[in-house]
Amino acid sequence: MKHGSASVLVLIVVLTGCSVPGRGDPGTLSTASSAAEDPTAPWDLTRADTSFDPTTIAVIGDVPYGVDQEESVNLLVDAINDDPEVQLTIHLGDIKDGKTECSDERLAAVSATFESFDDPLVYTPGDNEWADCHHARSGEFNPLERLTAVRGTFFADPGSPLGGRPAIVDYQTDLVENVRWFASRVVFATLHVVGSNNGMDPWSGLEHTVPTEDQTEEVHARTAAATQWVDETFDSAEQGDLDGVVLAMHADTWTPLPSSAEQAIVDRIAVRAAAFEGMVLILQGDSHEYIVDRPLDNVSVTRVVVHGESLPFEYLRLTINPTRRLFDWERVPVTGETPVQEETALR
């Protein structure tokens, strides 16, 4: 249930917004609408949704980033909780900055923050919480040990997103953090793809100059799982005659080109998107600056990199509406000031 908070101002004055056209005509009741009839029941998102009712999602990443954001992250949580349109939040990874220790206490603190979201929160890991933890500033941890800790903290109950409202999503057996769900004639999937060359950068903080054998094995296995998840996600869209695919991951895979350990995943996305008749939206974080582009030679594929790291907080309000524009989004800045007047920008 949404609740008010007089101390939080959500400026619905759009910084920039974009749309991707959709197709179709009005149809049946959506999964979200039917689930809302019984707010105590888990929201089952595992079945292909062929309804035409819209769904709105908040997308964030690279947050909380540093002490200032850690101390005020409740402003962002309250703003999203107070947004009556938002039904689910996606976090694209990096739950700390590179200077914060990769401690169990930090993971627990973020887990508590995630649980304070009223609606389900789907999280895909970033590199700062595990792959980069070998650095001295991060505590000189073994990254694979930290990866185990991340999975134990955030994915102990596979197929159950975080947040206050219980929900059920599909998950990949070999990589439980890769999940998939359906809404508004679109299939969504997270892919555990991180920066630092998808985790292949040498652990220099542990005095390694080349990737270790265990490190290489982990990256290869995770990459293989991700490419398989891409295939299964597009398969489900095609089998359900859905209008779109949304792929969410941490890594900015075009900065300006995919790294060596990202290339196989990008190539698989490109091949499957080229054969898919619907629209594809790729959501990424990692580089902190808001970007909208078409990185593939395909007008049906759009990528959005969300803003992160710096204050003020903001979230991307993504609306999926098969009867108008399939993907429509706007940047919503968040401040802690008391509003004089709320303004809405219509496009």
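The values are calculated or read from the model by the stated rules, or taken from the named source; none is laboratory data. Given the structure is predicted, the values throughout are model-derived calculations rather than measurements. When we count neighbours, we look across all protein chains shown, and the Cβ atoms used for this are built from the backbone with ideal geometry, even at glycine. Calculation scope for accessible area: heavy atoms of the full protein, side chains included, ligands and nucleic acids excluded. Shrake-Rupley method; radii C 1.70, N 1.55, O 1.52, S 1.80 Å.
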Checklist entry - Put His135, His220 in order of accessible area, largest first, 1.4 Å probe: what do you get? => result His220, His135
Checklist outcome for this item: Residues whose built amide H sits under 5 Å from the amide H of Tyr123, excluding neighbours closer than 5 in sequence, are His91, Leu162
Checklist outcome for this item: The alpha-carbon center of segment 113-152 and that of segment 242-262 are separated, in whole Å, by 20
Item to check | Free-standing Cys, the chain [no other Cys Cβ under 4.7 Å] | outcome: Cys18
Checklist entry - How many percent of the accessible area of the chain is carbon or sulfur, using a 1.4 Å probe? => result 50
Next on the checklist: Using each residue's phi in segment 321-328, evaluate 6.51 cos²θ - 1.76 cosθ + 1.60 at θ = phi - 60° and report the 3J(HN,Hα) Karplus result to the nearest Hz, with x for Gly and Pro.
Outcome noted: 9, x, 8, 10, 10, 4, 10, 9
Next on the checklist: With θ taken as phi - 60° and the coefficients 6.51, -1.76 and 1.60, list the Karplus ³J(HN,Hα) couplings across segment 114-126 in order, rounded to whole Hz; mark glycine and proline as x.
Outcome noted: 4, 5, 7, 6, 5, 9, x, 10, 9, 10, 10, x, x
Checklist outcome for this item: Averaged per residue, the 1.4 Å probe accessible area of segment 67-219, protein heavy atoms only, in Å², is roughly 36
Checklist entry - Rounded, prolate or oblate: which fits segment 213-347 when a ≥ b ≥ c are the square roots of the eigenvalues of the alpha-carbon gyration tensor, with rounded for a/c under 1.5 and prolate only if a/b beats b/c? => result oblate
Checklist entry - By per-residue mean of other Cβ atoms within 10 Å, what is the highest-first order of 51-61, 295-305? => result 51-61, 295-305
Next on the checklist: Just to check I understand the Karplus step: with θ = phi - 60° and J = 6.51 cos²θ - 1.76 cosθ + 1.60, what whole-Hz values come out for segment 236-245, glycine and proline as x?
Outcome noted: 5, 5, 5, 5, x, 6, 7, 8, x, 10
Checklist outcome for this item: Note to self, the chain gives a 222 nm [θ] from helices alone (DSSP H runs n ≥ 4, -39500 (n - 2.57) apiece, / all residues, nearest 500) of -8500 deg cm²/dmol
Checklist entry - Long-range amide H contacts for Trp43: which residues qualify at under 5 Å (H placed 1.01 Å from N, peptide plane, sequence gap of 5 or more or a different chain)? => result Ala167, Ile168
Next on the checklist: Can you give me the solvent accessible area of Ser260 with a 1.4 Å probe, rounded to the nearest 10 Å²?
Outcome noted: 100
